[in-house]
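Have a look at the structure below, then the notes.
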Amino acid sequence: MPTDVRQIHLRELGRGLWGLLGRLPGVWKLVRTLAPTRPDTSLSLGRLLEQTAARLPHQAAVWFEERVVSYQDLNAQANQLARVFRRQGLRAGSVAAVLCGNRPELLAVVAGLAKLGARAALLNSEQRQASLEHSLRCVNARWLIVGEELAAVWTALPEAHDRPVLWLADQRQTAPLGIDLLAEAAREARFNPAETAAVRLKDPAFLIFTSGTTGMPKASIMSHQRWIGAGLMFGAVCLQLGPEDTLYAPLPLFHNHALTVCWSSTLQAGATLAIRRRFSASGFWQDCRRSGATCIAYIGEVARYLLEQPADARDRQHAVRKAVGLGLRPELFRPFKQRFGLEEVYEYYGASELNSGFFNILNLEGTVGICPSPWAIVACDRSSGQPLRGPSGRLRRVESGEAGLLLLQVSERFAFDGYTDEAASESKLLRDVFAPGDLWVSSGDLMRHVGFGHLQFVDRLGDTFRWKGENVASAEVEKVACKAPGIRAAAVYGVRIPGATGRAGMLAAVAEQPLELESLLQVLRHDLPRHALPIFVRQCARLETTSTFKIRKASLRAQGYDLAQVCDPLFVLLPGAEAYQPLTAELFADICARSHPF
């Protein structure tokens, strides 16, 4: 990712601190709520929903494509669903896997489970076959909640008929595959269940899947304490939300940005969360006007897509003045704010499995902000992503402005919840880093310090890359590619495309005969989510390896799809195309000229 290495100046810091004065009530609310509370305090997502529903029963909790759900009705539906879940045997500690699209019922399901002390495992609705099956095994869920809109995805799984399903109807165009949740819930009482009082801050609220640093997706644990803390930081401190506000978040609810940052922020403030089934760049600002949005949520790709839309006289005809998100390229901060009339952009950095994050509470351009917990940036091997230990066995902090691996210190206050897989959790931890017995968690990302405690994202480390706002694990794409006819070996890596955020996937495949591109794409689409599909394919006679038989990807990555450096056959999957096509000199020039909207 391109970066602006400019250091933050004192004048910028002064403006940021001056702007923070107006947000001091939010800071006080954050400190007052969480500082004196113990992890075993009875406070949770479900309890906060009950409190907001009691305080603002008729306030709009969710705006969904012209449909409005009040806090009173959202809480009542969560209560009714909780009673159905209880009758099905779910209890505190139970896990229910949820495969559902974006709609208010998904929020009611998550809240209903949380009220019992159970937890939803939010399956990525873009996953298919192998990835989806692996995710199910990760959480070992006995209960499966499937939305009608994803019935075809579910029934395509080999084990779909071996497990009972709790069916979440949508438009009722498909016969229920199991127990009709909404029909059953409609017959239940609407008042709050007693179990919610026993749910504590430290308890898991739900599970979120992340691709991690390598391999298949992993389920990270989101506690009620982290969920509440994120809502206070972003909703109270940064955005200063109130009941008169609407936060438009047209992002997948199986991501923490939408489910934690956005929903927690609005719920605690009594504001409205505006959502839609799928993101639409052309319909974005129209939705903002229709919903009365005052704030928006973004990821880097969303901002880029919006900026690539043709200029419109109505670009500033909306009530939005604030934005919160992550992954915004430093050079896009100013164009994003100026074109759409945004006064404040609160970029942050975090990951579902990390124990803390960085928050740009001072509204400074080109930075992910500051962190409330101790952090360090250390020297590392950029090819492997591993930190470098010196002769003493300790790690070395890099100089300010120098890129290095970001570490976050683990403590009682900033606990590491990790993954459901203990081995995967352990792999993220580093011990005896600077002193005997200290414990740190590796972010897996390159960062640099740009002054006054503010950091800037540089790049991903290890054998992953980021595309379309998602992490792509190279090993998993390689495994799938090798299922295609004729492919004997494969290497997958990320390459830059001018004007695109992150890196696009590129597959170098060894095959004795010309690649069967149609079969290859069919195999890839069957097992991979859309963001993981390789954009470029290179047919190689062989792949160079190290002495330990690891594929040398550095040279492949450096050559990319440059026709001047690559003699092998190259192919590209253009946006909206249904097939790979040869990469010609003309196509290469078009891509470099940003003629195709990747």
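The values are calculated or read from the model by the stated rules, or taken from the named source; none is laboratory data. Since the structure is predicted, the reported quantities are computational estimates derived from the model, not experimental observations. Cβ atoms come from the backbone with ideal geometry, glycine included; neighbour counts cover every protein chain shown.
Structure above, values below:
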{"item": "Residue, modelled with the highest pLDDT, within the range 223-237, restricted to residues that are in contact with an Asp or Glu (Cβ under 8 Å, 6 or more places away or on another chain) and crowded, with 24+ Cβ neighbours inside 10 Å", "result": "His224"}
{"item": "Any hit, the range 170-184, residues being outside the structural domain of Asp421 (by TED's automatic domain parsing), surrounded by fewer than 18 Cβ atoms within 10 Å (Cβ to Cβ) and without any contact (Cβ under 8 Å) to a residue 12 or more places away in the chain", "result": "yes"}
{"item": "The range 376-397 - residue that is charged (D, E, K, R) and not in a loop (DSSP other than H, G, I, E, B) and, of those, farthest from Lys553 (Cα to Cα)", "result": "Arg397"}
{"item": "Listing of helices (runs of 4 or more DSSP H) fully contained in the range 470-571 that carry 1 or more residues being out of contact with any strand residue (DSSP E or B) (no Cβ under 9 Å at 6 or more places or on another chain) and without any contact (Cβ under 8 Å) to a residue 60 or more places away in the chain", "result": "517-527, 553-559"}
{"item": "Extreme residue, surrounded by the fewest Cβ atoms within 10 Å (Cβ to Cβ), among residues of the range 366-385 that are closer than 27 Å to Asp463 by Cβ and of a type in the set (Ser, Thr, Tyr)", "result": "Ser384"}
{"item": "Pair list, Cβ under 6 Å, 6 or more apart: the range 99-118 residue assigned by TED's automatic domain parsing to the domain that holds Trp143, other residue among the basic types (Lys, Arg) and assigned to a loop (DSSP other than H, G, I, E, B)", "result": "Gly101/Arg277; Asn102/Arg277"}
{"item": "Among residues of the range 285-319, those that are buried (at least 22 other Cβ atoms within 10 Å of the Cβ), hydroxyl-bearing (Ser, Thr, Tyr) and over 19 Å from Gln59 (Cα atoms), counted", "result": "1"}
{"item": "Residues located in the range 29-45, provided they are within 28 Å of the chain's Cα centre (by Cα) and without any contact (Cβ under 8 Å) to a residue 12 or more places away in the chain", "result": "Val31, Ala35"}
{"item": "Hits in the range 398-415 - residues which are closer than 15 Å to Arg431 by Cβ, in a loop (DSSP other than H, G, I, E, B) and of a type outside the set (Val, Ile, Thr)", "result": "Ser411"}
{"item": "Where a residue in the range 138-149 is within 14 Å of Phe206 (Cα to Cα) and assigned by TED's automatic domain parsing to the domain that holds Glu126 and its partner, wherever it lies, is in a strand (DSSP E or B) and charged (D, E, K, R), with Cβ under 8 Å and at least six apart", "result": "Cys138/Lys218"}
{"item": "Check on Gly14, closer than 30 Å to Glu402 by Cα and either in a helix (DSSP H, G or I) or β-branched (Val, Ile, Thr) (or both)", "result": "yes"}
{"item": "Residue under evaluation Arg67, criteria (1) without any contact (Cβ under 8 Å) to a residue 24 or more places away in the chain; (2) under 28 Å from Leu107 (Cβ atoms); (3) surrounded by fewer than 14 Cβ atoms within 10 Å (Cβ to Cβ); (4) not β-branched (Val, Ile, Thr), criterion not met", "result": "(1)"}
{"item": "Index of the failed condition, Ala258 passing every other in (1) out of contact with any helix residue (DSSP H, G or I) (no Cβ under 6 Å at 6 or more places or on another chain); (2) assigned to a loop (DSSP other than H, G, I, E, B)", "result": "(2)"}
{"item": "Residue satisfying condition, being loosely packed, with under 12 Cβ neighbours inside 10 Å, of a type in the set (Gly, Ala, Ser) and either within 30 Å of the chain's Cα centre (by Cα) or within 22 Å of Arg382 (Cβ to Cβ) (or both), within set Ala558, Ala564, Ala585, Ala589", "result": "Ala558"}
{"item": "Any hit, the range 404-411, residues being in contact with a Ser or Thr (Cβ under 7 Å, 6 or more places away or on another chain), in contact (Cβ under 8 Å) with a residue 60 or more places away in the chain and not assigned by TED's automatic domain parsing to the domain that holds Ala554", "result": "no"}
{"item": "Failed item, numbered, when Phe333 is tested on (1) farther than 18 Å from Ile361 by Cα; (2) at pLDDT below 90", "result": "(1)"}
